[in-house]
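The values are calculated or read from the model by the stated rules, or taken from the named source; none is laboratory data. Just so we're clear, the structure is a prediction, and the values are computed from it rather than from any experiment. Neighbour counts run over all protein chains shown; Cβ positions are idealised from the backbone, glycine included. Note: accessible area is taken over every heavy atom of the protein model, side chains too, but ligands, DNA and RNA are not part of it. Shrake-Rupley method; radii C 1.70, N 1.55, O 1.52, S 1.80 Å.
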Amino acid sequence: MNRPTVTTDSAWQFPTPEITTLGNGLTLWYFAMPNQHMTSFNLMLPAPLAGEPASLEGVGTLALNASDEGTLRHPDGEITELLELQGATLSGTARFHYTTFGGTAPSTHLADTLPLFLEVLRQPAFAEQDITHHIEALTASFDSRLASPEASNRMAMRVALFGGDHREGRPAAGTPSTLLAITPDDVRAWHSAHFRPEGATLLVAGATAPDDSIRLLESWLGAPELKPDDSPADRQHPSVVVVDRPEAVQAVISVGLRTPTRTDPRWAGLRIAGHAIAGAFASRLNLELRERLGYTYGVGGGIAPGLREGLLTIGGSVRTEVAGDSVARILDGLRLDAPLTDAEVDDARAYLVAVAPLANETSSDITAQACALAAAGLDPSFLNEHFAALTRVTASEATAAWREVVRPEQLTVAVTGDAEKLTPALTALGLTPQVVDLRSWS
Amino acid sequence: MTQPPLTFDLASTRLDNGLEVIVAPDADAPGVAVNLWVEVGSADEVEGRTGFAHLFEHLMFQGSENVASGEHMATVEAMGGTVNATTSTDRTNYFETVPRGGLELALWLEADRFASLAITPENFEAQRQVVKEEKRQRYDNQPYGDLLELLVAQHFPAEHPYGHLTIGSMAHLDDAALDDVAGFFRSWYRAANTSLVLCGPVTPDEGVALADRYFGALPQLPATPRNLAGSVATLAPQTTTVVRAVPHSLSYLSWDLPIASHPDMTALDLALMILADGPSSRLHKSLVRTGSAAHEIHGAALTHRSAASIATILGRPTEDTSTEHLAAAIFSELDRFIQDGPTGSELARAKAQSESDDLWGLATTTGRADAINEYRQLYGSPASINDHLSDVAEVTAEDVARAAAQWLRPNNAHQLHYLAEDAR
């Protein structure tokens, strides 16, 4: 049987939302998705963790996690039960530059869910026992992340890239010493200062438009009290850090670098190069370390966009005995001595463009993507321009973009595993590993 | 509760060689999901070869007559598709979702490996190492990484089909040989042991014609019967205590449940949600919210097709509560639940959450295609996917109480006390 050829479908476009600016300064983006039985809604609040008092870090996350435990009108878990009865769930994430808070509900229940969501946004009770419960939960979660090889590796990478003196270098959800200092009044103060409609964007995607709730949304008033300084951290010297897990059978390796982001003219080239080098299953690094050498279950990563900067993270878990060789091979691969070929770039481009409709299939996919754009101050049409840019990138442009941005001498390496074995292996590569102790935050 | 909001049109047929083909047309979907279930899993492994079904799944990406090693994944990615495979106790699934224009190539890639798998010694050895790294990454190098293995060992003797993990043991992975591959392929990877679901912008006529074009030449061989049910008894309830270098101690309680397709399973899923899912669940309210015994409580069900499934309730005790005390507190709440049943509000909330979970599971063509194959395997008919929402809606409080009384009695619980070496 002959190998069939692929016929190309017409170019897919990121959906265009209906955009409404309400009288209270809240912007609403609605994406009509008639076939989605579950609706997703997500509020992008300009509430940056950069504004958290250093001694109370984690207060921004607590304000999210504790808010749906009870409201003034429906205290002590009543609001949670009302949301559950709609099949709705809420969740949020507080980030260095902004906070998102939203949820999902069956499209048929959106009109009954949004008023409950608004009640949570406007009048959380923040009862003492709920704050105490969530402080304990975040403290336990910190301990769990310290114990996790992957999470502790990410923690070490952040502090190496952004510095322990900068908010972005420290754990987003706080550390035990800061969490245990937080009182319900601190949480209320953070909420009152930042949970305001002016400058926020509410994104809704699903089969049902939020028309019934517009008047209610407009009755929510106020502007954020503060505009915290969320300027990026100074560049840190590249380093090689080791998180010690004595007798660990694997080493978690990551290589990191702060990079340009979406607005850089090289962005499309960087995305394509990242996919070809590490992102794809058939990437150079995965084929070598997994398929040829059997060192790892998989190597992956690439460059992710951020609000002002992007972040390169590439790595995987390998058995301890081959950790040194794996780091050497990953660093070699990132040097891109052999330029990307036309075939590699064509495959990466084809993937990044053609996978978009699948990657944006659900209502949550759309609101998550749109939220990131809204936070960056970009129009939803940005993605379509990005797809067009991807189609124009040549192999030499992608290679040049990567070599300009991913300078080998600028890369930071973090390895989590048995330091007694890893330190000599890394030293043998000519690196200068330092063992870092993340428990100092406990 | 709303009425079940959706029904899927399904067309199913069986090719002459025994391959079942199910087409779920969805003209507006962004791609076509191709989903193959092979009726073989870790429960079918022979003594001394645990982990082989999963290792074999890896080998299916290592090349066939017209496809080079790794080319299957690379080709699907390069057409903008997603692709993977997984192995469980009861089945191995292979799936990709591709733009409509790539459907024929996806089917050709699948059919080529089902017709002519070709493994070299080098590829075999590399994948053995990859799978060992997968085991280290998922289990051996993780805190609490042996929790599942301990749970399974409480319920099943080692010789039971479900008495070992799908990932297998390092020793057995080391013992696996290239010579085992051809026999496993011949025994299990038959058209009559396989079902193909196509979900997306493809009509039933198109889908069946394409399946026949690409898979019709697979040989006609009888289905290989699985030999699982009832041969080895499960173990009596037992208590196990281990000490590990983990951040928190846990009480891990578990019960034998019926097989996955048993009518009580719907009520039992709701019972577990009411008891232990989320901040308004019974156990959270009584033991976490009050701060009396636990910091967190979660419930789950591990389903099996042919012998006991397992229900679990996991609790993380407060600093001044022992895991035994937490277990006793959970049992006491459970007794009350069995006695009184759920309240109307508890049942309504659990049903609403269950409906949302189902709708999410069906929101992508990838998820829907896999769910259709799962319903086909469990209930014998793919169309039973259309009954699940109404089955949930019809469960009564009495059904939940009766199912809990039958299956979740405290004196039938296994207890695993997983103690932190240095509790904070």
- Apply 1/(1 + (r/R0)^6) to the Cβ-Cβ distance of A:His237 and A:Asp437, taking R0 = 25 Å, and write down the FRET efficiency to the nearest 0.05. 0.85
- Which is the longest run of chain B containing none of the GluC sites (Glu not before Pro) found in DSSP loop states (not H, G, I, E, B) with at most 14 other C-beta atoms within 10 Å? B:160-318
- From phi via Karplus (6.51, -1.76, 1.60), per-residue ³J(HN,Hα) for region A:193-206 in Hz, x at Gly/Pro: 6, 10, 8, 9, x, 5, x, 8, 10, 9, 10, 10, 9, x
- Message: Just to be sure I understand the model, the point goes 7 Å from the Cα along the line to the Cβ. What's the resulting A:Glu409 to B:Gln238 distance in nm?
- Response: 6.2
- The answer for B:Gly80, listing residues at least 5 apart or on another chain whose modeled amide H is closer than 5 Å to its amide H, is A:Tyr351
- Task: Using Cα positions and a limit of under 14 Å, work out the aspartates and glutamates in reach of B:Lys285, with same-chain residues fewer than 8 apart set aside.
- Result: A:Glu69, A:Asp76, A:Glu78, A:Glu81, A:Asp130, B:Asp277, B:Glu296, B:Glu333, B:Glu346
- Item | Stretchable slack from B:Ser231 to B:Ser292, in nm (0.36 nm times residue separation minus alpha-carbon distance) | 17.6 nm
- Could you tell me the accessible area of A:Val6 in Å² (1.4 Å probe, neighbours in place), rounded to the nearest ten? 60
- Can you tell me how much longer the chain between A:Thr391 and A:Arg73 gets when fully stretched, taken as 0.36 nm per residue apart minus their C-alpha distance, in nm with one decimal? 109.1 nm
- Note on the structure: So for R0 = 56 Å, FRET eff. of A:Asn2-A:Asp212 from the Cβ-Cβ r, to 0.05, ends up at 0.50
- Query: Straight-line reach from B:Lys135: which lysines have Cα under 29 Å away, leaving out those fewer than 8 places along the same chain?
  - Reply: A:Lys421
- Query: Hey, what did region A:254-330 get for relative contact order, percent, Cα under 8 Å, at least 6 apart?
  - Reply: 35
- What trypsin sites (Lys or Arg not before Pro) in region B:99-150 are in a loop by DSSP, with at most 11 other Cβ atoms within 10 Å of the Cβ? none
- Calculate, for A:Thr20 and A:Leu221, the FRET efficiency according to 1/(1 + (r/R0)^6) with r their C-beta to C-beta distance and R0 25 Å; round to the nearest 0.05. 0.90
- Estimated distance in nm for a label pair at B:Leu419 and B:Asp205, the labels positioned 7 Å out from Cα along Cα-to-Cβ: 7.1
- Message: Given points 7 Å out from each Cα along the Cα-Cβ axis, report the B:Lys285 to B:Glu394 separation in nanometres with one decimal.
- Response: 2.8
- Task: For A:Arg292, put the label point 7 Å out on the Cα→Cβ axis and report which residues of region B:132-154 keep their amide N under 19 Å from it.
- Result: none
